[in-house]
Amino acid sequence: MKIIKDMIFISVFALLLSSCSNFTFLKGCPDAEIEWVDMLMINDIKYEHHFPEPAQENLPITIEKGRELGKVTYKMADSACSNHKMQNGDAAFLNEGTIIYEIKGYPTSLIVAANDVVYVANTSKKAKTAGELYPMDKLVKNIYIESTEDGKRLHTFSQSSKDKFLAAFYELQLEDVQSLIDEDKLEGTRIFLEIELNNGVSFRQLYWSDSNTFHNGAVGNDEIKKVINDEVSNLKK
């Protein structure tokens, strides 16, 4: 049953990031094929590149690269099997030697740039709360509800709801994702939320309303649930 649950979670999460994955065939690996997400790891933080949906491709993204943070030392798509444990310097598709930069005005624990592409934090060994994983104070422009079918923006949070959501979201504790899977917390009705930063970079949060839980392990509180439910209700009007 645990294997089945894992497969369900991987399938749902693949939908979350379906536009930024690629299949690789490697000899000698136990897998017939490996589906990679465009990701990298540096300073013990895993980052992922979130591609814009087709309807959003012309939205402006303004970034200014800052200091060099490090370089890619291992390209996983060339030789790593799916059971490879990522280490600092690993990247799925970036070539070895690709420089990783900070983005001026934004914490490196939130976003970085490599090969003129922005990568958003996905997991961090040090983060205990959603606010530590996503240090976005005064950096969020809008929050949207997206279609679960094609990812298009359906509704924009009101300014009041945005502020309430972020204040509550920052305090949420991060739980072990596998434990949440085992407890059936990542099942049921799901909602796609898109967080857009001031520079145009955006990333998606997958939220299960039945369990008040996010895909990254953040477990919601009463305020989070109320804000999301209120905005979903406004969408239906």
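Give the residue, chosen from GLU102, GLU171, that is acidic (Asp, Glu), touching a Gly at 6+ places or on another chain (Cβ under 7 Å), at pLDDT 95 or above and open to solvent by less than 70 Å² (accessible area, probe 1.4 Å). Can you show your working first?
Values: GLU171 fails: open to solvent by less than 70 Å² (accessible area, probe 1.4 Å).
Going through GLU102, GLU171 in turn, just one is acidic (Asp, Glu), touching a Gly at 6+ places or on another chain (Cβ under 7 Å), at pLDDT 95 or above and open to solvent by less than 70 Å² (accessible area, probe 1.4 Å): GLU102.
Scan the stretch 48-89 for residues that are of a type outside the set (Val, Ile, Thr) and either under 24 Å from THR148 (Cβ atoms) or at pLDDT below 80 (or both) and report the count.
Total meeting the criteria: 15.
Residues that are in contact (Cβ under 8 Å) with a residue 40 or more places away in the chain and of a type outside the set (D, E, K, R): find the strands (runs of 3 or more DSSP E) completely inside the stretch 76-142 holding 3 or more of those.
Working: elements: 99-103, 111-114, 117-124.
In the stretch 76-142, the matching strands (runs of 3 or more DSSP E) lie at 111-114, 117-124.
Looking only at the stretch 217-236, decide whether some residue is out of contact with any Asp or Glu (no Cβ under 9 Å at 6 or more places or on another chain), surrounded by fewer than 20 Cβ atoms within 10 Å (Cβ to Cβ), closer than 17 Å to VAL140 by Cα and of a type in the set (Ser, Thr, Tyr).
Within the stretch 217-236, none of the residues are out of contact with any Asp or Glu (no Cβ under 9 Å at 6 or more places or on another chain), surrounded by fewer than 20 Cβ atoms within 10 Å (Cβ to Cβ), closer than 17 Å to VAL140 by Cα and of a type in the set (Ser, Thr, Tyr).
Listed residues GLY188, GLY200; which is in a loop (DSSP other than H, G, I, E, B), in contact with a strand residue (DSSP E or B) (Cβ under 6 Å, 6 or more places away or on another chain), surrounded by fewer than 16 Cβ atoms within 10 Å (Cβ to Cβ) and not charged (D, E, K, R)?
GLY188
Given (1) open to solvent by 50 Å² or more (accessible area, probe 1.4 Å); (2) assigned to a strand (DSSP E or B); (3) touching a residue at least 60 places away in the same chain (Cβ under 8 Å), identify the lone condition not met by LYS164.
(2)
The values are calculated or read from the model by the stated rules, or taken from the named source; none is laboratory data. Just so we're clear, the structure is a prediction, and the values are computed from it rather than from any experiment. Cβ atoms come from the backbone with ideal geometry, glycine included; neighbour counts cover every protein chain shown. What goes into the accessible areas is simple: the full protein's heavy atoms, side chains included, and nothing from ligands, DNA or RNA. Shrake-Rupley method; radii C 1.70, N 1.55, O 1.52, S 1.80 Å.
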